[in-house]
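Here is the structure we will look at.
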Amino acid sequence: MPDFNRQIIDEFHSNGGKVGGMFQGATLLLLHHRGAKTGTERVNPLRYQAVGDDFAVFASKAGAPTNPDWYHNLLAHPSTTVEVGTETIAVRARVASPEERQRIWTAQKAGVPQFAEYEEKTTRQIPVVILERA
């Protein structure tokens, strides 16, 4: 795991789900997922948007031309868990419908303009994934 993610995860665990620095005040969760090919357990810190009792996450990869590995892993293994604050929650991942995506993505870009920058950097449509409580 890259040191950057490891530091965020450690800080998240040490501070009841809160982190500082560039993520100060951000809605952040830890996504647990299994490798699509290897089955290896992985964890990624991700910004999220609450969607009712569920969570939307964004496969932005900072505007890279390809989707992040965690996205492919969730397509292969949609049943997983997330950590939000001090709670671990069982979820099932699904890609947002076009209508859901439009509403959620527009709100995300308005609330966190950095996501609009990611969109401008890539030619792909950035997937929105809904993590529904299981």
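The stretch 82-134: percent of C-alpha pairs farther apart than 15 Å?
It works out to 58 percent of all Cα pairs.
For Ser97, tell me the accessible area in Å² from a 1.4 Å probe, rounded to the nearest 10.
For Ser97, solvent-accessible area is about 40 Å².
Mean separation of Cα pairs under 8 Å and 6+ residues apart, divided by the residue count of the chain: what relative contact order is that in percent?
Once divided by the residue count of the chain, the mean separation gives 26 percent.
Compute the FRET efficiency between Ala64 and Glu87 as 1/(1 + (r/R0)^6), taking r as their Cβ-Cβ distance and R0 = 22 Å, and round to the nearest 0.05.
The calculated FRET efficiency here is 0.15.
Return the calculated 222 nm mean residue ellipticity for the chain, to the nearest 500 deg cm²/dmol, obtained by summing -39500 (n - 2.57) across DSSP H runs with n ≥ 4 and dividing by the residue count.
-9500 deg cm²/dmol
Gain in length, Glu100 to Arg124, computed as 0.36 nm per residue apart minus the alpha-carbon separation, to one decimal in nm?
6.9 nm
What residue among Gln49, Gln108, Gln24 shows peak mean-square fluctuation when the chain is described by a Gaussian network model with Cα springs under 10 Å?
For the chain, modelled as a Gaussian network with Cα springs under 10 Å, the answer is Gln24.
Given H placed 1.01 Å from N in the peptide plane, which residues other than close sequence neighbours of Thr27 have an amide H under 5 Å from its amide H?
HN-HN under 5 Å from Thr27: Tyr48.
If you work out percent of Cα pairs over 20 Å apart from the coordinates, which of (i) 44; (ii) 62; (iii) 40 do you get?
Label of the calculated value: (i).
The values are calculated or read from the model by the stated rules, or taken from the named source; none is laboratory data. The shown structure was predicted, so the numbers you read here are calculated from the model rather than taken from an experiment. Cβ coordinates were reconstructed from backbone atoms using ideal geometry, including for glycine residues, and neighbour counts include every protein chain displayed. Just the protein is used for accessible areas: all its heavy atoms, side chains included, with ligands, DNA and RNA removed. Shrake-Rupley method; radii C 1.70, N 1.55, O 1.52, S 1.80 Å.
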